[in-house]
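Since every read-out is calculated from the coordinates, none of them should be taken as a lab result. Worth saying up front: this structure is predicted, and the values here are computed from it rather than measured.
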Amino acid sequence: MPKLKPSAPKKAKQKRVKDELHKFKEGTLHSGSKKGPRVMDRNQAIAIALSEAGLSKKDKKRAAKKKAKK
């Protein structure tokens, strides 16, 4: 699934995090693509979920830099 935009509603972001963590619990969450290795570490799963939802610190820094350039 593509990442959500920073302007996406909060409910959509929460649902994306929930879906990603559910995939982790099922054992179907992969790092990278579906051909990548399965995620076995809970902290890595959380990082992937936050990144997909656009809630990670890294994404916020990128958005702030982009906004500052304009």
For the chain, set up a Gaussian network in which alpha carbons nearer than 10 Å are linked by springs, and say which option among K18, K35, K57 fluctuates the most. K35
Using alpha-carbon pairs under 8 Å, 6+ residues apart, how would you state the relative contact order of the chain in percent? 36 percent
L29's amide H: which non-local residues (gap 5+, or another chain) put their own amide H closer than 5 Å, with H modeled 1.01 Å from N in plane and none for Pro or chain starts? F24, V39
Pairs K23/K61; K35/K66; K10/K57; K10/K58: which exceed 21 Å Cα-Cα? K23/K61; K35/K66
Cα-based Rg then Dmax for segment 14-62, in Å, read 10.5, 31
